[in-house]
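What follows is a single structure, written as structure tokens, with notes after it.
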Amino acid sequence: MVDFHTSQGHTVGIDSQRLEALRAGLRGSLLLSGDAGYDVSRALWNAMIDRRPAAIVRAVGAADVMQAVNFARENKLLLAVRGGGHNIAGKAVCDGGLVIDLSAMKSLHVDPAAKLARVEPGALLSDFDRETQAHGLSTPTGINSTTGMAGLTLGGGFGWQSRKRGLTIDNLVAVDVVLASGEFVQASATQNADLFWALRGGGGNFGIVTSFEYRLHALGPEVHAGLIVYPLAHARQVFDGYRKFTAAASDEMTAWLVMRKAPPLPFLPEKVHGTEVIVVAFCWVGDPARGEEMAQPLHAFGTPAGAHAGAMPFAAWQAAFDPLLTPGARNYWKSHDFKALNADVERILCDAVARLPSDECEAFIAQMGGQTNRVGAADTAYPHRDVEFIVNLHTRWRDAADDRKCIDWARGLFDALAPHATGGVYVNFMPEDEMQRVAAGAYGANHARLAALKAKYDPANLFSQNQNIRPQG
Ligand SMILES: Cc1cc2nc3c(=O)[nH]c(=O)nc-3n(C[C@H](O)[C@H](O)[C@H](O)COP(=O)(O)OP(=O)(O)OC[C@H]3O[C@@H](n4cnc5c(N)ncnc54)[C@H](O)[C@@H]3O)c2cc1C
């Protein structure tokens with residue numbers, strides 16, 4: 001007998017016969033506490049989250065997912081769904097419930113002639129880059145190659161190509177989905193179009209996606225990209241230059257700012273290591289011959305402390321930030337959307353970065369705009385189609401004794417920035433304690449339609465372990 005938590009917060013005992021029947025029906029495996037692989041499956045990128053599910057189904061195909069969903073629904077179990085395990089809120093694993101772990105489902109099929117990729121939900125960005133870049137193809141995803149394609153896509157998805165090609169969801173063509181009923185359906189612009197609308201930004205609320213089909217575009221395999229590091233003391237000049245540069249930038253150029261302590265990068269003089277810096281990270285996805293010329297102004301915001309920029313494989317650039325974002329650290333994020341930066345925002349950020357609570361904390365400014373804003377706010381569930389910048393506060397540390405000071409730093413900075421922000425937030429950047437922000441902040445005017453679709457597709461809220469949209473209507 002194994003005790004499970006139900007979705008209503010009770011405990012239910014499931015006897016070994018029923019568990020064996022579940023196990024026997026799977027192509028994948030059923031893991032209980034103590035089984036080999038159980039701890040790997042429950043470990044998430046954010047080490048703040050340490051949850052022990054009663055059981056984990058390690059699915060290897062849609063049939064496993066259907067069976068596990070039916071088992072959870074019939075037994076009214078608390079259910080969580082794990083893709084790449086990167087979400088900051090850590091909802092991919094639950095205490096005492098059933099987890100459907102999709103991370104073994106990594107197959108990727110590229111059709112170079114049709115420029116389409118079929119991707120299973122356990123694939124990481126690195127898997128996607130490897131298979132698509134073999135054909136000189138890609139689609140917009142994120143900037144850290146160990147992130148899961150599934151969670152990133154379902155929340156929206158943006159990165160170096162988004163100003164040119166839109167969000168990841170703007171390049172999503174079709175999905176296979178297992179609904180809360182256990183039924184397998186397909187969704188696209190022409191099939192179950194309402195479900196397809198909801199899945200493009202609505203996160204894991206509407207079903208479990210077992211296959212994503214993306215439209216691909218020619219890219220690389222080399223792009224012109226890099227890092228230009230300025231001392232934080234030059235921040236005013238850098239911000240001035242950055243504001244002018246981004247206002248005039250073409251869709252092929254994306255430039256982000258990262259404010260943090262300089263890591264010991266080999267291209268930086270040793271005396272810069274550990275000092276506060278403001279880093280321009282950029283990627284040009286247009287004609288490679290024009291990359292150097294287009295990036296030149298970024299080197300002239302002041303006197304850089306060091307730079308590493310030039311032609312490089314896109315897949316390598318996608319992994320450039322991985323060493324700073326390894327799994328296993330404690331992390332807490334706060335995030336705001338902005339239509340414009342201003343002198344107050346810049347001053348607030350500089351003041352906060354001058355008193356970072358740990359050496360690994362950073363504030364970054366992601367440049368949005370371009371094609372991400374040429375889709376209507378109601379055309380997909382992701383509503384933030386007027387945002388030019390996303391500011392994300394990445395608080396990151398190792399020792400639990402530092403939890404309070406690190407979290408307080410992020411919250412204080414978040415509050416100080418709030419009067420200048422839109423009030424909106426990218427759903428994939430929301431920590432666990434922000435569920436009250438889901439309706440107005442993450443979904444705004446799209447929330448009512450999402451809540452009605454939740455009532456249609458998941459009336460009992462089986463998929464509750466996410467940035468939850470409650471069924472209404
Ligand atoms: C270091 C780092 C860098 C990041 N950079 C970017 C970036 O550049 N751009 C960007 O857009 N985002 C970025 N993100 C945010 C990222 O998009 C989210 O964390 C996303 O949720 C990760 O997806 P995952 O599959 O790895 O996560 P998981 O934690 O496994 O899943 C997140 C949630 O998605 C749902 N889910 C997962 N798989 C499925 C499925 N197949 N069907 C239904 N529901 C599912 C579940 O509710 C789950 O709780 C970054 C995150 C990190 C930690």
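Quick notes
- Translational D in µm²/s for segment 241-350 (Stokes-Einstein at 25 °C, 0.890 mPa s, Kirkwood Rh from C-alpha pairs): 153 µm²/s
- Two-site FRET efficiency, Leu265 against Ala36, from Cβ-Cβ distance with R₀ of 41 Å, rounded to 0.05: 0.60
- The H on the amide N of Ala309, modeled in the peptide plane, is under 5 Å from the matching H of Leu227, each at least 5 residues off or on a different chain.
- The HN-Hα couplings worked out from phi for segment 392-407 by the Karplus form 6.51 cos²θ - 1.76 cosθ + 1.60 (θ = phi - 60°) are 10, 9, 9, 8, 8, 7, 10, 9, 4, 5, 8, 3, 4, 5, 6, 5 Hz, whole numbers, x standing for Gly and Pro.
- Nonpolar atom fraction for the chain, defined as the carbon and sulfur part of the 1.4 Å probe accessible area, stands at 52 percent.
- Peptides 93-103, 198-208, 249-259 ranked from most to least packed give 198-208, 93-103, 249-259, packing being the mean of other C-beta atoms within 10 angstrom over each peptide's residues.
- Average projection, convex hull of the Cα set of the chain: 21.3 square nanometres.
- Value in Å of the Kirkwood radius, where segment 217-306 supplies the Cα pairs that are averaged: 13.6 Å
- Spin-label model distance (nm) - Ala247 vs Asn75, 7 Å beyond Cα toward Cβ: 6.0 nm
- When you restrict to C-alpha pairs under 8 Å that are six or more residues apart and normalise by the size of the chain, the relative contact order lands at 16 percent.
- Calculated FRET value between Arg398 and Ala377, using beta carbons and R₀ = 35 Å, to 0.05: 0.30
- Distance (nanometres) between label positions extended 7 Å along Cα→Cβ at Ala448 and Met435: 2.5 nm
- Between Arg236 and Asp408, the distance separating the two model label sites (each 7 Å from Cα on the Cα→Cβ line) works out to 3.1 nm.
- Relative compactness, segment 88-238, computed as alpha-carbon Rg over 2.2 N^0.38 Å: 1.16
- Histogrammed with a bin width of 10 Å, the alpha carbon distances of segment 375-473 distribute as 14, 39, 29, 16, 2 percent, first bin at zero.
- Theoretical ellipticity at 222 nm over the chain - DSSP helices of four or more residues, -39500 (n - 2.57) apiece, nearest 500: -7000 deg cm²/dmol
- Accessible area (Å², per residue) of segment 103-236, counting only protein heavy atoms and a probe of 1.4 Å: 30 Å²
- Contour excess over end-to-end distance, with Cα ends at Ser188 and Ala300 and 0.36 nm allotted per residue: 35.7 nm
- Which listed pairs, of Lys91/Lys454; Lys91/Lys164; Lys106/Lys339; Lys164/Lys244; Lys261/Lys405; Lys76/Lys405, have C-alpha distances above 28 Å, in listed order: Lys91/Lys164; Lys106/Lys339; Lys76/Lys405
- Label point 7 Å beyond Cα of Thr326 along Cβ direction - residues of segment 247-267 with amide nitrogen under 15 Å: 263-265
- Calculated FRET efficiency, Ala21 to His420, Cβ-Cβ distance, R0 = 60 Å: about 0.60 to the nearest 0.05.
The values are calculated or read from the model by the stated rules, or taken from the named source; none is laboratory data. All values reported here derive from a predicted model rather than from experimental measurement. We place every Cβ from the backbone using ideal geometry, glycine too, and count neighbours over all the protein chains shown. For accessibility, only protein heavy atoms count, side chains too; no ligands or nucleic acids. Shrake-Rupley method; radii C 1.70, N 1.55, O 1.52, S 1.80 Å.
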